[in-house]
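The values are calculated or read from the model by the stated rules, or taken from the named source; none is laboratory data. Fair warning: this is a prediction, and the values are worked out from it, not measured in the lab. With ideal geometry, Cβ positions are generated from the backbone for all residues, glycine too; neighbour counts draw on all protein chains shown. Heavy atoms of the whole protein, side chains included, go into the accessibility calculation; ligands, DNA and RNA do not. Shrake-Rupley method; radii C 1.70, N 1.55, O 1.52, S 1.80 Å.
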Amino acid sequence: MVTLIKRLRQGLAIRVMRAARAANRSPLARRLLRGRSIRRFALVNRLYHTVFRLGVATGDRDAEARYRGVVLTGPAWDATIMPSVSAGYYEEFEVGVFERLASISRSVLDVGANIGVYTCTGAARLPEDGSLIAFEPVPENIGYLRRNVERNDLAARVTIEPVAVGAAPGRLTVHLSGEQTGKHSAAAANVGTAAGTLTMPMTSIDAYLADGGLGPPDLIKIDVEGYEGFVLRGAAESLAALPALLFEVHPELQENCGCAAGELLDLVFDRYPWVFVIDELDNVLRPCTRAELDDPHAIGLYRSNLAAVGRPEHLDALRQWHGLGSP
């Protein structure tokens with residue numbers, strides 16, 4: 001009886017969260033909110049998280065969910081990642097693109113791995129000889145990341161590096177967010193409610209691969225809350241091999257970190273012949289030019305992630321979403 005009540009409560013909570021998401025994605029809501037999320041309102045955010053905590057979270061500390069074939073555990077206090085993972089819609093299109101690229105990649109880097117959503121779903125789909133290196137500097141996230149990798153029997157494929165990644169080896173001060181595990185950032189202005197700082201060792205992609213005697217990767221995913229430009233500055237040699245890139249463009253966050261979004265985009269467009277906006281609303285990859293991304297409406301809610309492709313096999317792997325012909 002207790003199990004039945006728990007399942008009913010969980011099912012109701014997930015339906016409420018999915019309904020809230022659908023309302024937020026509606027044309028009317030996007031028009032009224034001018035392309036921003038309704039969850040920017042504190043009361044709405046609090047209600048959403050309360051539904052999650054009462055209906056889905058397994059305890060005061062942890063929440064567990066099945067997501068795209070893996071089991072993920074994360075902190076119950078997080079207001080974004082674990083609720084949307086539990087409801088099955090966390091960056092679902094972006095994760096699908098990552099999974100497809102990972103399935104044809106022998107070497108993958110996940111920079112800003114957080115609790116391991118991309119790490120676990122990607123590693124589960126690697127070829128037999130594939131490997132993934134997950135970089136994550138925040139101790140709480142690292143604990144969940146290790147737990148999730150082990151829970152899904154992926155330890156043989158995944159190497160976890162508890163360091164930050166930037167333009168060069170050194171140390172980086174990370175500002176912690178009290179709102180989301182995914183909002184920790186190198187800039188205090190990016191974290192919302194502050195929860196302290198920590199200073200961590202930092203490497204660069206090129207230095208890490210050179211030190212380990214490793215060749216360039218086939219796929220790099222970067223989500224570091226505004227620090228993306230610095231990560232790419234430190235990957236110049238690796239980018240010469242044109243690994244597929246998945247990364248976030250958020251001009252305000254990047255400006256706060258000291259590397260403008262324009263510089264980040266220049267680094268990518270100078271190297272890659274095909275760049276796509278990942279359109280989460282329509283589940284398509286939209287080809288774009290550098291000039292088009294200067295339009296202030298080109299990047300925004302549900303269109304803040306980009307994919308850059310330089311190899312024909314990667315372009316072909318994503319054909320179902322972009323429809324371009326053979327190069």
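Peptides 218-229, 102-113 ranked from most to least packed by the mean count of surrounding Cβ atoms within 10 Å: 218-229, 102-113. Only helical runs count toward this figure. For the chain, summing -39,500 (n - 2.57) over DSSP H runs of n ≥ 4 and dividing by all residues gives -10500 deg cm²/dmol at 222 nm.
Using the Cα gyration tensor of the chain, with a ≥ b ≥ c the square roots of its eigenvalues, what is the shape: rounded (a/c below 1.5), prolate (a/b larger than b/c) or oblate (neither)? Rounded. When the GluC sites (Glu not before Pro) in region 97-188 are filtered for DSSP coil states and for at most 15 other beta-carbon atoms within 10 Å of their beta-carbon, the remaining sites are 128. The heavy atoms of residue 302 present about 30 square angstrom of accessible area, all protein chains included, probe 1.4 Å.
Heavy-atom accessible surface of the chain, averaged per residue, reaches 44 Å², computed with a 1.4 Å probe. A simple charge model with +1 on the Cβ of Lys and Arg, -1 on the Cβ of Asp and Glu and nothing else charged puts the dipole of region 102-215 at about 160 debye relative to its Cα centre. Accessible-area rank, largest first, for 200, 17: 200, 17, with all protein chains present and a 1.4 angstrom probe. Taking label positions 7 Å along the Cα-Cβ direction at both residue 193 and residue 236, the computed distance is 4.3 nm, reported to one decimal. Legend: residues 322, 297, sorted from most to least accessible area (1.4 Å probe; ligands, DNA and RNA excluded), read 297, 322. With all protein chains in place and a 1.4 Å probe, the accessible surface of the chain carries 53 percent carbon and sulfur.
Convert 10 °C to kelvin, take the viscosity as 1.306 mPa s, use the Kirkwood radius over C-alpha pairs of region 133-176 as Rh, and evaluate the Stokes-Einstein diffusion coefficient in µm²/s, rounded to a whole number. Before the final figure, lay out the partial values.
Working: Rh = 11.4 Å.
The estimated diffusion coefficient comes to 139 µm²/s.
Among 250, 314, the order of accessible area from largest down is 250, 314, computed with a 1.4 Å probe on protein heavy atoms. Note on residue 321: accessible area is roughly 50 Å² with a 1.4 Å probe, heavy atoms of protein only. Charges were assigned to the Cβ only: +1 to each Lys and Arg, -1 to each Asp and Glu. The resulting dipole of the chain about its Cα centre is roughly 1620 debye.
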